[in-house]
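Novice: This is the structure I have questions about; it appears just below.
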Amino acid sequence: MSTLSRRDLLVGTASAFGAASCAPAIPDAMCAPYYVTAICPAPSSDGAAAPAPPPGGTSGCELFAYDEIERASPNAVIHPACEAELVDFFAALARAPGARTVTVRGGGLSLDSQSLGKDIVLIIDQKDFCRIERPGRDKDGFYMTVGAGARWWDVIAICARFGLMPPSLQTGGDATVGGTLSADCVSRMSAIVGKEGSHVRNFRIVLPSGEVVSVSRGSGDIRQQELYSAVIGGFGYLGVVTEVTFDLIAARDNANVRGPEPRVFTRATRYPATCDWDAVFRSLQSRSREGRLSYMKQKASYHGSSLGDGSTPPVATPEWSALSVACFLTGYSLEANLLEQRYTLDPLRPTPGGIYARDGSINAFAERVDSFWPTAAELVLDFGWPQGEFVDDLFGWAFFFGNSTKRAKADAHALGYRLNCIQQSFVLPSGPENHPPDTRPAQRFIELVLARSHAADLRPGPIDFLYVGDDDDTSVMSASRGLPGFVITLAFADRDRTTLRPPIDELLRALSSDCRLLGGRVHLVKNVAADRGDLRAMHGDAAKRFRELKAKYDPGGVFRNDFFSRVFEA
Ligand SMILES: Cc1cc2nc3c(=O)[nH]c(=O)nc-3n(C[C@H](O)[C@H](O)[C@H](O)COP(=O)(O)OP(=O)(O)OC[C@H]3O[C@@H](n4cnc5c(N)ncnc54)[C@H](O)[C@@H]3O)c2cc1C
């Protein structure tokens, strides 16, 4: 779609809706002040042309999930320009006849249908929502305030110049700050610093009543406490987040002064193919705990915050910032690679094979190969996965998955097919944090992953392990709340699917049931293929509390998305 002015779009909206298959049913009064598109995805706020819908997509209001399997044809797609417009929007919505529902969308990187909806989709991508302020410092340490539509790539481009980084960062550069807050994302850093939600200091939210509320971490106000715990990880079910302030930590000396961008040091240790899984999980948990305890001890130094007596300790960078295990199937077993990472200013010494290259071209190619010939991708990983010590570019490392899949998808689209990236994560309990870990549930789960994959003749791509504790985890819908454990993620690639390939669907459902029986929970952020009974058993109590809060803050049930409708409501 070519670039259109706001006015052109407003004038053209009625006829566009008339022509599109998705008939309007939006009262004029509501349409008038907003920038409305009938063709998806919309042009970006900087006026760049919108990418074409993936092959096999239709024109009109069609939105895809990142897996390019889930899709929706909403009645209208609206791009509010600013918070004040959102307030007007909800006032108009309250006057509109009939029950309307609203789905919020940021970068659209949800792998499943978390940001898809049938009626009105609000995309938070306009200029005012994408503003990024210079990092600041107060008694609580370094921080940054950005609009909820700011993309993480752009945010890092600013704060890294000042030698500052968010403590936890997911791997999609195009994801928005509001979108990842709403998913309470987990990351390679979570073993040490916890999940993203715990670093949110403050956010502003527009409720369906049109009221704008500023919500602060640690507030004594019950309303703010409720909103803080339910909006973070709440998948846009209570309101629209418009602005977020989050903590930053020092990633080099002289933090908060403009200077060189940090790089990332990786120490990769490869375990032999016949794995002692107990040793791998124990090692992951004990290193995570060590990193976590050291982080907690030195937190004030890393965050640049004051101590209780008002003094400020010297700023320091954490010894380790990220810890994870990446596993690959080899012909006969699963190999584990422990990855320990921290920020550095050492000269580049890139990881061989271009794994953390900024353009992600080798990974992109591997991703596409994986979609039709997983064994080839497996062999390359088996022989090519490096071990040793490396120093990589920050952006290549930080967004490695986003960089490679973005490129792989663009290449696939140019070749005329859709590339389906599918990921599902499971949290397996490891027992209380201050005790030696019980690795049996995670070990048993891995045995079941291997046995079930072999039986179904499926070859998952990477299988990643993280350890996540539960202190600071206050999000109502968090899969790891009150459940310290190992987060195990399975990935698959496929092509041109309109539903999950049945053996993959069956495998993920069976594993979800295994996870439940082992006392774990399916993580709600990525794809979720699980039977409703299992989900109810795993998340039922949280969903009950969440529903109570929804009834209080969104009594009309305005906010909806296809994901929650599918997994919890039907
Ligand atoms: C390449 C890639 C890498 C990823 N890496 C990780 C990872 O490392 N860790 C991890 O946990 N996840 C990861 N994910 C998942 C991804 O980070 C989450 O799905 C995230 O929510 C996407 O953010 P978004 O802005 O694209 O949100 P969208 O997909 O647009 O929305 C996500 C959810 O947030 C809600 N929402 C969006 N904006 C707002 C707002 N302003 N106010 C209220 N609600 C809102 C939506 O309704 C939806 O429920 C990855 C996904 C991809 C595709």
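Please treat every number below as a calculation from the coordinates, not as lab data. Note that the coordinates shown come from a computational prediction; the quantities given were computed from them, not determined experimentally. Every residue, glycine among them, receives a Cβ derived from its backbone with ideal geometry; neighbour counts consider all protein chains shown.
Novice: Under the classification rounded if a/c is under 1.5, otherwise prolate if a/b is larger than b/c and oblate if not, where does the stretch 259-339 fall, given a ≥ b ≥ c as square roots of the Cα gyration tensor eigenvalues?
Specialist: Note, shape of the stretch 259-339 comes out oblate.
Novice: For the stretch 356-408, what class follows from the C-alpha gyration tensor (a ≥ b ≥ c being the square roots of its eigenvalues): rounded when a/c is under 1.5, otherwise prolate if a/b is larger than b/c, else oblate?
Specialist: oblate
Novice: In nanometres, what is the gap between the two model label sites at SER219 and ASP346, each 7 Å from Cα along Cα-to-Cβ?
Specialist: Placing both labels 7 Å beyond Cα along the Cβ direction yields 4.4 nm.
Novice: As an exercise, use a Förster radius of 22 Å and the Cβ-Cβ distance of LYS552 and ASP531 to find the FRET efficiency, rounded to the nearest 0.05.
Specialist: About 0.15, to the nearest 0.05.
Novice: Dipole size in debye (nearest 20) for the stretch 129-256 around its Cα centre, Lys and Arg Cβ +1, Asp and Glu Cβ -1?
Specialist: 260 debye
Novice: Could you list the square roots of 5 times each eigenvalue of the Cα gyration tensor of the stretch 100-169, that is, the equivalent ellipsoid semi-axes, sorted largest first and rounded to whole Å?
Specialist: Value: 29, 12, 11 Å, ordered largest first.
Novice: Kindly provide the helix-only [θ] at 222 nm of the chain, computed as the sum of -39,500 (n - 2.57) over DSSP H runs of four or more divided by all residues, to the nearest 500 deg cm²/dmol?
Specialist: -10000 deg cm²/dmol
Novice: Within the stretch 269-303, which residues have the backbone N less than 14 Å from the label spot 7 Å out from GLN387 along Cα→beta-carbon, could you tell me?
Specialist: Residues passing the 14 Å test: 269-276, 280.
Novice: From the phi angles alone, apply the Karplus equation (6.51, -1.76, 1.60; θ = phi - 60°) to the stretch 334-339 and give each ³J(HN,Hα) in whole Hz, x where the residue is Gly or Pro.
Specialist: Values, residue by residue: 10, 9, 10, 10, 7, 10 Hz.
Novice: Please give the contour-minus-distance gain from ARG501 to VAL257: 0.36 nm per residue of separation, less the Cα-Cα distance, rounded to one decimal in nm.
Specialist: Full-extension gain reported as 82.8 nm.
Novice: Just to check, using Stokes-Einstein with a Kirkwood Rh over alpha carbon pairs, what's the diffusion coefficient of the stretch 495-570 at 25 °C and 0.890 mPa s in µm²/s?
Specialist: 178 µm²/s
Novice: With only alpha-carbon atoms in the gyration tensor, what are the semi-axes of the equivalent ellipsoid for the stretch 129-256, in Å, largest first?
Specialist: The answer is 23, 15, 14 Å, longest axis first.
Novice: While we're looking at this one, here's another question. Do you know the relative contact order of the stretch 332-412, to the nearest whole percent, from alpha carbon pairs under 8 angstrom that are 6+ apart?
Specialist: Contact order relative to length: 42 percent.
Novice: Once label points are set 7 Å from the Cα along Cα→Cβ at both ASP138 and ALA94, what is their separation, rounded to one decimal in nm?
Specialist: My value for the distance between the label points is 3.0 nm.
Novice: Please express the Cα-Cα pair-distance distribution P(r) of the chain as a list of whole percents, one per 20 Å bin, running from 0 to the bin with the greatest distance.
Specialist: Per 20 Å bin, starting at zero, the Cα-Cα P(r) for the chain comes out as 21, 58, 21, 0 percent.
Novice: Can you sort SER219, SER425, SER305, SER311 so the residue with the fewest Cβ neighbours within 10 Å comes first?
Specialist: Fewest-to-most Cβ neighbours within 10 Å comes out as SER311, SER219, SER305, SER425.
Novice: Let me have the relative contact order for the stretch 129-256, percent, based on Cα pairs under 8 Å that are six or more residues apart.
Specialist: For the stretch 129-256, the relative contact order is 32 percent.
Novice: Longer than 31 Å from Cα to Cα, which of LYS139/LYS552; LYS297/LYS552; LYS127/LYS195; LYS127/LYS297; LYS409/LYS550 are they? Say none if no pair is.
Specialist: From LYS139/LYS552; LYS297/LYS552; LYS127/LYS195; LYS127/LYS297; LYS409/LYS550, over 31 Å: LYS139/LYS552; LYS297/LYS552; LYS127/LYS297; LYS409/LYS550.
Novice: Once both labels are modelled 7 Å past Cα along the beta-carbon direction, what's the ILE158-SER306 spacing in nm?
Specialist: Spacing of the two 7 Å Cα→Cβ label points: 2.5 nm.
Novice: In vacuum, with every alpha carbon of the stretch 293-397 counted as one equal point scatterer, what does the Debye formula give for log10 I(q)/I(0) at q = 0.10 Å⁻¹? Two decimals, please.
Specialist: Results for the stretch 293-397 at q = 0.10 Å⁻¹ read -0.43.
Novice: Please enumerate, by chain and number, the aspartates and glutamates with C-alpha under 14 Å from the C-alpha of LYS118, excluding those fewer than 8 residues away in the same chain.
Specialist: Candidates past the 8-residue exclusion: GLU62, GLU70, ASP562.
Novice: Order these by the 10 Å Cβ neighbour count, fewest first: ASP471, ASP464, ASP154.
Specialist: Ascending Cβ contact count within 10 Å gives the list ASP471, ASP154, ASP464.
Novice: Moving to a separate point now. Summing Lys, Arg as +1 and Asp, Glu as -1, what charge do residues with Cβ under 13 Å from the Cβ of ASP534 carry, ASP534 excluded?
Specialist: Charge balance near ASP534 sits at +3.
Novice: Right, another one. If you find the alpha carbon centre of the stretch 507-570 and of the stretch 99-119, how far apart are they in angstrom?
Specialist: 16 Å
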